[in-house]
Structures are given as C-alpha cells and as structure tokens.
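Step one of this worksheet: look at the structure below.
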Amino acid sequence: MVDDPSTVKALLTIAGLTVSDDELARFVRLHPVLRAQADGLAFADVADEEPAVRFDPQIGVAG
Amino acid sequence: MRERSELPVTIADAAAELRAGSLTSVELTGALLERVEAAAGLGAFVVVLPDSAMAAAEVADAERASGIDRGPLHGVPLAVKDIIATKDAPTTANSRVLAPEWGKGVDAPVVARLRDAGAVVVGKATTSEFACGLPDPDKGFPIPRNPWNPDHSAGGSSSGTGVAVAAGLVLGGLGTDTGGSVRFPAAMNGHTGLKVTFGRVPKNGVVPLGYSLDSIGPMARSALDCALLLQAMAGYDAGDPCAAAVDVPDYASALTGTLDGVRVGVPMPYFFDADGLHDEVRTAVLDAVEVLREAGASVATTVVPHAKEAKDANAITMAAEAFAYHRHDLATRWADYGRHTRMTLGRGALFSAFDYTQAQRFRSFFCRELAEVFTSFDVLVTPTWPFPAPRIDDMASEDHVLAPGFVGQWNLSGLPAVAVPCGSSVGGLPLSMQVIGRPFAEADVLRVADAYQGLTGWHLRQPQVTATPAA
C-alpha cells in the first residue's frame, strides 16, 4: 500500500530524516499524490526515450 | 532629494535621464534607499547596502562625468536575490542552515557582469528559504509582503526582488527560476519577469535547488528593461558546466513594437480549462491575446500534450535534485530549516531512482513534443499563475502540489518564458500572462511582451506604498 504510514516512515528513515508525528501525517497524506504523479510518467510513448541527462567525461581533466 | 513621482520608473527612462545629465546616480540611488527604509515592513530585503551602493553610484557619476558610458545599466540601482553570491554581503538563502562563508565573498559571474555594466547593487533581496518553501516567521528573516495588499503573498521564491521592483524600491533585479520562481513573484506583484533558456545565463555562484532546472532571470517593470538586463547577464561562462556557448543577440533591437508575422499559439486544454484556474485570470489572459492580435500577430488555438505530466516531472526532478543537495543537512539539522521548507525538501525522500530516471525520459519525450508544437508557432501564451495572490495566512506548502501549474513545464523543457502583467483582480491584485518561446528565443518572447506593453499600461501601474517600518 503506497499510502501505508509504515511505507512513508521507512522511506524517511532510510533517508535519515527524523520528523514529528504531525509532519509524518502530512507526508503520509501527500504520498499517494506524489506516487500518482511519478507513476503517471511511465507510459508507452516514453519507453524508447533516453533520459535527458548528459555528462562531460573530461570533467577535472587538466588542459 | 527628488519626490517619488519625479523619479523614473523604468530602467530605460532612468538611463535616458542619467545620460542626459538631468539625474545622477547618487540622486537616484539615495532616493531609492530612502524608499527602501520607509518600506522595510514589506520585507523586500535581507540586507540593505547603503554604503557600497552610494559608493558605486558616486563611481558611476564620476565615470559619466569623464565621458565613460557603460550602457543603460550605468548607475542604475538593482536588487540581487539572496541565493546569489555577492562580494559585499554574505549570502544567507534566508536560512539558518547555509554556512555563513558560502560564496567566499566573491561575486557570482552574473553579478560581476552587472557591475561591469555599471549597475548599483542596493541589497540582497528576500527569497523563500533555499528558493523553495514558504516564509517561516520563527526563523528571523523578513516576511515578504505583496505591495498591493500586505496581507497577501508576494509569491516566491524571488519574493524580495519582486516586491522591490513592484514597489519602486529598485528599477530591476535578479531572481532565479527552478519551477516558476521568477515568474510567480512577477505575476503576484505585477511586473515583468523573464525565465531564461537553461544555460543562457551562467548559474555558478548561486545556491542550487534543481541542478538541471535552475536559471537566473531578470525582473523589472517592462519587457524592455528585462532585455537591457539580460544583455548584460547572458553569455557563456566556463565555470558553469550547464552554460551554453550560444551567441547573444541584441535583445533591445528585437523589440519592434509590432507583431507582424508572429504566430501565437494558445494552448486551451489544461492551460485554460484546468480545475482551479480563476475566471479572472482566464479572462484577462484571453483579452491580452486579443491585444496581441491587434498588434499584428496571427493567433490560433493549439494543444501542448502532456502539460500536466510535464508539471509533475518538473516537480519530481526538482525534489530529487534538491534532496541530493540537502539530504545531509536535513538529516542532521531538520529543525533548523523552516517548517515549510523542510516539508518541501523532504518530499525528495519519497521518490525512487526509477522515478527520477523516468522523469528524465519523459523530459526528452516532452521536449520532442514541444518542438513539434513550435513548428506551427513562434510563441505560446498561457496564464502565468492560476489565481491572484493568496492571503499569506492561507498558504500551505502542500497546496501547489495539487493546484494546476503553468510554469514548471518550461523549466523541464528549458524554454524561455516571460511573465507579463495583464490585468487586475476585483480585489486589486495583479494578473499575469506568460509568453513562451523556442530555446534561446528570449528575443521573441520579449518582443511579444514589449508589443503588448506598448498597447497597455498594466506594467506601469504602481501600488501606493505607505511607510511600513520593519515589523
């Protein structure tokens, strides 16, 4: 269950965050909304796309 | 000292007076510093720099007297958002968390460029903490207030620059935009604000929020003023790995005053029919589109596919990238962050590596879709923000997750977008339209905004600011 408080609490704990009970409750309420937003990006038209990330392999190379 | 009504309200007018010798930078800077002090209750500045500002004004006047003309910003007072490094004041990011020595006491390249152009830095302008979240009165920083109604929000995160420009405390300034932070305060306070193409202006020397989204943009009363600022700001810098080596055109010369041959697309789905879009905003923007038609533009409705998903992808990208920057401090100093800021930043812990990567795959897809839309149009026009400035007391950090959003799409895609005042609500609060262009086509969006402003006067309206000492 994505809106299970234990899931949210575990994610926050893994991240090292210590939040108040009220803040935890707010994160729990928000979590299904955030999950729906993230899951909404996984549709078929995107399946062949490369992610829009690049890097310069010469970072830090002198000259 | 000159009276309020006698001072120029735009950079262009100030530049003309300064060049003509009918106004000195010392006069202008001194008068604006008096306004800043009188309006301290608006919370526009974290720190004001009267000594260094007056010294810079004296230098500008001396240079002019000796025949040196550094251009239209020479001697013009500006504000710098307090997440941008300056040599004459520490950078706080409005936070108790940022190390006091951050920025190393040197100017960010964009600030150095403005100083080279002769600009006078009046102070460091208030920002939402780390350019996100909402003001927290418990943290000791000024609460920015809307000069049209101090009980209402000034927007964010470039709140202080927005307030200062709208209230006539400065003639322009710098904001940053990761998910609307130049355009939101421009819309709330009733002036012009340009989110530039990603990479157009070097962003080194700025406290990061979203590494792949952040941009520094000009905020001023008019599109012409934004063009004059951008002219000094734009261009490659080797210190920013995201800076683009793309030629900088003459922005002001693109502002022809007419829109003959310009194709304006109006994306009706989502941007004009989303739940939560205020009727006054919709009507004002559609009325503004008719003004663009009068100016010579051809106008047609269109569709921007996946607009809602693009807003979400921007939010996910920002959450993940900001969390990477802040995780250690959030884990060790949670309570030192403002109560809204930590809730906003903490969302990054709830997304997965897959979510972030998928958002970047969607980003490629969305850019491709936009490129197709722009084969038929030169610019798109949408509302900037879905409603007039809310009351400060009514704002909650979760609100914007659920509200429709019309700005993040252009951070995700990196496109330039300018917020332009286009009306007033029945409550007397500004309304704003947004003009979006192709990559590096700042000249196009500024041309459209300028043509609109040549036929209307919304950008020149000024709130009646009464003396409001610091709370």
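Looking at the range A:9-35, which of its residues are of a type in the set (Asp, Glu) and more than 8 Å from chain B (Cβ to nearest Cβ)?
Initially, the range A:9-35 is screened for residues of a type in the set (Asp, Glu), giving A:21-23.
Matches in the range A:9-35: A:Asp21, A:Asp22.
Quick grid of which residues meet (1) under 14 Å from the mean Cα position of the chain (by Cα); (2) of a type in the set (A, V, I, L, M, F, W, C):
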{"residue": "A:Pro5", "(1), (2)": "no, no"}
{"residue": "A:Ala10", "(1), (2)": "yes, yes"}
{"residue": "A:Val19", "(1), (2)": "no, yes"}
{"residue": "A:Leu30", "(1), (2)": "yes, yes"}
{"residue": "A:Pro51", "(1), (2)": "no, no"}
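What are the residues in the range B:168-196 that are within 20 Å of B:Ala57 (Cβ to Cβ) and in a loop (DSSP other than H, G, I, E, B), if any?
The answer is B:Gly168, B:Leu169, B:Val170, B:Leu171.
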Check: With B:Asp88, B:Asp82, B:Asp69 as the choices, which residue is of a type in the set (Asp, Glu) and closer than 19 Å to B:Thr24 by Cβ?
Finding: B:Asp69
Margin query: Considering only the range B:101-124, I want to know if a residue exists there that is over 24 Å from B:Ala57 (Cβ atoms), touching a helix residue (DSSP H, G or I) at 6+ places or on another chain (Cβ under 8 Å) and of a type outside the set (Ser, Thr, Tyr).
Written below: no
Check: Filter the range B:295-316 for residues that are more than 9 Å from chain A (Cβ to nearest Cβ) and outside any loop (DSSP other than H, G, I, E, B); which is nearest to B:Thr344 (Cα to Cα)?
Finding: B:Asn314
Check: Can you name every residue in the range B:405-453 that is polar (S, T, N, Q) and closer than 17 Å to B:Ala244 by Cα?
Finding: B:Asn411, B:Ser413
Notebook entry, point to check: Would the range A:36-57 turn up any residue that is of a type in the set (D, E, K, R), more than 10 Å from chain B (Cβ to nearest Cβ) and part of a loop (DSSP other than H, G, I, E, B)?
Noted result: no
Check: Of all residues in the range B:11-37, which are assigned to a helix (DSSP H, G or I) and of a type in the set (Gly, Ala, Ser)?
Finding: B:Ala12, B:Ala14, B:Ala15, B:Ala16, B:Ala20, B:Ser25, B:Gly30, B:Ala31
Check: Is the range B:451-471 home to any residue that is under 23 Å from B:Arg282 (Cα atoms), of a type in the set (Val, Ile, Thr) and either open to solvent by less than 10 Å² (accessible area, probe 1.4 Å) or within 20 Å of the chain's Cα centre (by Cα) (or both)?
Finding: no
Next item on the list: Being touching a helix residue (DSSP H, G or I) at 6+ places or on another chain (Cβ under 6 Å) and outside any loop (DSSP other than H, G, I, E, B) is the filter; apply it to the range B:249-265 and report the residue that is surrounded by the most Cβ atoms within 10 Å (Cβ to Cβ).
Entry: B:Val264
Note to self: Condition first: in contact with a Leu (Cβ under 9 Å, 6 or more places away or on another chain), without any contact (Cβ under 8 Å) to a residue 60 or more places away in the chain and surrounded by 24 or more Cβ atoms within 10 Å (Cβ to Cβ). Can you find one or more residues in the range B:394-403 that meet it?
What the structure shows: no
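Applying the selection to the range B:213-257, what residues are within 14 Å of chain A (Cβ to nearest Cβ) and not charged (D, E, K, R)? Reasoning before the result, please.
Keep residues of the range B:213-257 that are within 14 Å of chain A (Cβ to nearest Cβ), which gives B:213, B:238-245.
Passing the criteria: B:Leu213, B:Ala238, B:Gly239, B:Pro241, B:Cys242, B:Ala243, B:Ala244, B:Ala245.
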Notebook entry, point to check: Across the range A:21-47, what is the total count of residues that are open to solvent by 50 Å² or more (accessible area, probe 1.4 Å), closer than 15 Å to B:Thr344 by Cα and not basic (Lys, Arg)?
Noted result: 1
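The values are calculated or read from the model by the stated rules, or taken from the named source; none is laboratory data. If you're wondering where the values come from, they're calculated on a predicted model, not measured in any experiment. Cβ: placed from backbone, ideal geometry, glycine included. Neighbour counts: every protein chain shown. Keep in mind that these areas ignore ligands, DNA and RNA; they rest on the heavy atoms of the full protein, side chains included. Shrake-Rupley method; radii C 1.70, N 1.55, O 1.52, S 1.80 Å.
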